[in-house]
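The values are calculated or read from the model by the stated rules, or taken from the named source; none is laboratory data. Because the structure is a prediction, the values reported are computed rather than measured. Heads up, the Cβs are rebuilt from the backbone with ideal geometry, glycines too, and the neighbour counts pull from every protein chain shown. Accessible surface is based on the protein model in full, side chains and every heavy atom, while ligands, DNA and RNA are left aside. Shrake-Rupley method; radii C 1.70, N 1.55, O 1.52, S 1.80 Å.
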Amino acid sequence: MGALCPCFSTSDPESMGMEALEDQREGPYPVRLHKKRRSANLKIGHHDNYDIVSGSFPGSACCNTVLEQTRAYFEVTVLKEGVFCIGVANKKFKEFDAFLTNATDKTIKNREVKDKSRNSWGYMCSEAKKDDVIGCSYDLNDVKSVLRFYKNGKRIRSAEVVGVTGDVTAAISVSGDCELKINWGGEPQQHRPAKFEPVVASMSVI
């Protein structure tokens with residue numbers, strides 16, 4: 001697991017478990033959408049334990065922390081239906097007025113990244129209904145990283161991406177008046193897979 005934000009006690013994180021660390025947290029959850037790495041097309045609201053993002057025109061935003069954990073997970077709840085994409089982006093991603101690269105893009109063949117010049121990877125969702133929960137996990141536990149997606153807790157195997165490289169952050173794209181609530185881990189996550197943790201603040205700057 002990556003380095004934790006100083007707002008967590010790190011005396012013995014392995015034995016305490018993530019739930020205990022969450023209980024010791026003071027103040028707002030430190031993980032949120034980045035103040036600068038975002039599109040001006042988006043409306044973003046920061047709350048103590050979650051973010052709200054919406055937009056009529058295409059736009060993307062990145063999280064404020066690098067995913068350094070062995071297994072990280074975040075999820076979004078649909079507040080208003082529309083088109084959106086969740087996934088990850090690296091430091092070179094600059095196309096904030098566009099969507100993340102969809103997992104079914106031609107540069108991703110048989111689930112594995114073929115075009116190493118790509119700077120984002122995500123799951124495009126246009127049919128989710130209000131209150132649906134779409135999750136994203138990033139697994140560094142194997143030889144190659146694996147990006148997985150879930151709908152209401154059910155794994156979407158056709159959208160998995162293998163071989164994402166470099167330092168990445170969680171990222172979101174929205175359009176069509178879509179509105180999402182992003183739960184990085186400040187609130188109990190409804191569908192977090194076993195052995196995964198909420199996104200925690202890293203010491204790395206992006």
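Considered as a group, the residues in the range 1-29 that are under 30 Å from Cys178 (Cα atoms) and in contact with a Gly (Cβ under 8 Å, 6 or more places away or on another chain) include one that is modelled with the lowest pLDDT, and that residue is Glu22. If I ask for residues that are open to solvent by 10 Å² or more (accessible area, probe 1.4 Å) and either within 13 Å of Cys85 (Cα to Cα) or under 16 Å from the mean Cα position of the chain (by Cα) (or both), which ones from the range 146-161 would you list? Once the filter is applied, which keeps residues that are open to solvent by 10 Å² or more (accessible area, probe 1.4 Å) and either within 13 Å of Cys85 (Cα to Cα) or under 16 Å from the mean Cα position of the chain (by Cα) (or both), the range 146-161 yields Val146, Arg148, Tyr150, Lys151, Asn152, Gly153, Arg155, Ile156.
Here's a check for you: in the range 48-81, which residue that is of a type in the set (D, E, K, R) and farther than 15 Å from Asp132 by Cα is least open to solvent (accessible area, probe 1.4 Å)? Only one residue tops the list, namely Asp51. Can you tell me how many residues in the range 70-111 are at pLDDT 70 or above and outside any loop (DSSP other than H, G, I, E, B)? Selection size over the range 70-111: 19.
Checking each residue in the range 123-158 for being aromatic (Phe, Trp, Tyr) and at pLDDT 95 or above picks out Tyr138, Phe149, Tyr150.
Within the range 26-66, the set of residues being more than 16 Å from the chain's Cα centre (by Cα), in a loop (DSSP other than H, G, I, E, B) and of a type outside the set (A, V, I, L, M) comprises Glu26, Gly27, Pro28, Ser39, Asn41, His47, Asp48, Ser56, Phe57, Pro58.
Just need a number here: residues in the range 153-193 that are outside any strand (DSSP E or B) and not charged (D, E, K, R).
Taking the range 153-193 and keeping what is outside any strand (DSSP E or B), we get 153, 156-160, 163-167, 176-177, 184-193.
With the extra rule that they be not charged (D, E, K, R), the set shrinks to 153, 156, 158-159, 163-166, 176, 184-186, 188-191, 193.
Residues meeting the conditions: 17.
Examine the range 167-179 for a residue that is within 17 Å of Asn64 (Cβ to Cβ), open to solvent by 20 Å² or more (accessible area, probe 1.4 Å) and modelled with pLDDT under 95, and state whether such a residue exists. Yes, the range 167-179 has at least one match.
Residue count for the range 30-40 satisfying the condition of being crowded, with 18+ Cβ neighbours inside 10 Å and touching a Gly at 6+ places or on another chain (Cβ under 8 Å): 3.
Starting from residues that are assigned to a loop (DSSP other than H, G, I, E, B) and among the hydroxyl-bearing types (Ser, Thr, Tyr), keep the ones in the range 117-133 and report whichever is nearest to Phe99 (Cα to Cα).
Step one: filter the range 117-133 for residues assigned to a loop (DSSP other than H, G, I, E, B), giving 117-119, 126-132.
Then keep just the ones that are among the hydroxyl-bearing types (Ser, Thr, Tyr); that gives 117, 126.
Numbers: Ser117: 16, Ser126: 13 Å.
The extreme case among them is Ser126.
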